[in-house]
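Everything below concerns the one structure shown next.
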Amino acid sequence: MKLTLLHDRSLPTGVLGFASTADGARAFAACADGSVNAVEMASGKTEAFEAKHASFASGCVVSADGKTVISGGYDGMLLWHEVATGRCTRRVQAHRFWNWQLALSPDGRHLATTTGQYLAAGWKYEPAGESEPSVKVFDTATGELVASFAHVPPVMSCAFTPDGTHLAAANMMGEVRVYMISKGTGAEPMARWTTPDFTSWGTTKTHHYCGGIYALAFSPDGSALLGCGMGPMGDPMAGNGKMTWQRWNWAKGERIDQIKDGQHGSGLMESVSWHPDGKHFVMAGRQAQGTWNAAVFSAVDGSLVQSIDSKKRVTHARFLAGGALLAIAGAQGQGARKDGVWPPWGKIQLYKVEAS
């Protein structure tokens with residue numbers, strides 16, 4: 001697989017949430033300054049929607065018709081933005097704490113959002129129970145709450161099955177739960193398991209738990225679930241844990257495969273996404289040491305197929321246009337302020353994907 005850079009676009013602040021039209025022509029970015037922006041990838045023209053979040057804008061999704069963008073933020077709000085006018089058409093207070101991640105169901109009817117604050121419950125620093133449901137599902141047409149599910153906070157990632165009937169959510173402690181949406185609020189998960197390979201106890205500087213499963217993605221056929229994050233480390237402040245992914249048979253809660261020794265560096269992986277062919281997937285994030293921060297893997301044997309070092313933090317990597325394009329979004333180190341102005345440090349890149 002060959003990756004060729006087509007467009008490299010800058011935004012005023014780091015990109016924490018990313019969405020795009022299916023053809024990759026127009027992207028949407030939720031940014032660190034609370035703004036949500038529309039970006040024409042060919043020209044680089046960028047326009048911010050009128051409404052901003054009161055804190056970091058952490059995620060966004062776009063409707064299939066491209067007319068509506070829904071964003072989430074650290075203010076716990078969900079905002080509906082009209083793409084044509086830039087107006088905010090609906091505001092919903094989804095959480096009392098941060099929105100960690102959003103996921104849109106394949107049919108566009110449901111929006112999942114996760115939350116939760118890590119508070120120590122005892123002398124072992126195990127997380128305290130939730131003060132509000134950590135996983136919620138909203139109707140995208142009305143903004144009404146459809147269902148809410150219990151988990152152990154903080155819950156940092158979520159993903160719908162391809163048929164939209166189930167929702168997976170994973171937390172800082174490496175616990176994955178899969179819920180059936182139709183069972184509604186308070187339903188027990190259909191499947192659940194815990195892996196220790198995404199969580200660390202900080203022995204240096206940081207004496208508490210760190211890590212978590214930062215992204216989830218179901219395979220196109222719905223049989224497998226991917227998760228990514230950072231493996232155990234002695235010094236979480238250095239961010240030098242193993243760059244890692246695992247793939248599970250989610251119905252059984254059994255691990256199928258994981259990243260191969262010698263094919264990874266160290267750093268936090270924040271995004272994982274399947275190629276539409278179901279034979280490949282991409283993982284990306286922040287690199288502490290190593291030679292890449294975004295890589296394509298074979299779903300057949302788990303081997304690394306192609307990698308790039310984008311020289312920036314990648315918060316989202318996603319195949320578009322039927323797999324012909326790969327979009328990468330994130331941030332490239334905030335530079336020094338000059339004449340009272342900060343230089344742009346958000347990034348969206350678009351790569352052409354070709355068989356090698």
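Computed from the coordinates by the stated procedures, all read-outs in this text should not be read as laboratory data. The model shown is predicted, which means the values in this text are computed figures rather than measured ones. A quick note on method: Cβ atoms are made from the backbone with ideal geometry, for glycine too, and the neighbour counts reach across all protein chains shown.
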Distant-in-sequence amide H partners of L6 (H built 1.01 Å from N, under 5 Å): L350, Y351, K352
Fully extended contour minus Cα-Cα distance, from A64 to D277, at 0.36 nm per residue: 74.7 nm
Chain lengthening between K338 and E82 when straightened (0.36 nm per residue, less Cα-Cα): 88.7 nm
Within a Gaussian network of the chain (alpha carbon springs, distance under 10 Å), most fluctuating of G76, G241, G164: G164
Qualifying lysines (Cα of each under 25 Å from Cα of K136; at least 8 residues distant if same chain): K52, K67, K183, K252
Cα convex hull of the stretch 248-292, projected area averaged across orientations, nm²: 4.1
Electrostatic dipole magnitude of the chain [Cβ: Lys, Arg +1; Asp, Glu -1; Cα centre; debye, to 20]: 540
Distance in nm between pseudo-label sites at T142 and K124 (7 Å out along the Cβ direction from Cα): 4.3
Tail fraction, Cα-Cα pairs, the chain, threshold 28 Å, whole percent: 39
Summed side-chain charge close to S182 - residues other than S182 whose Cβ falls under 13 Å, Lys, Arg +1, Asp, Glu -1: +1
Label point distance in nm, A355-I256, each placed 7 Å from Cα along Cα→Cβ: 2.2
Charge-dipole axis of the stretch 230-300 as Lys and Arg at +1 and Asp and Glu at -1 on Cβ define it, positive-most pick from A251, G267, A288: A251
The stretch 1-97 - charge dipole about Cα centre, Lys and Arg +1 at Cβ, Asp and Glu -1, debye rounded to 20: 160
Gain on full stretching of the segment that runs from D107 to S43 - 0.36 nm per residue minus C-alpha separation: 20.0 nm
Rounded to whole Å, sorted largest first: equivalent-ellipsoid semi-axes of the stretch 126-282, Cα gyration tensor: 26, 20, 12
Residues in the stretch 72-106 that a label on T165 would reach, taking backbone N under 15 Å of a point 7 Å out along Cα→Cβ: 106
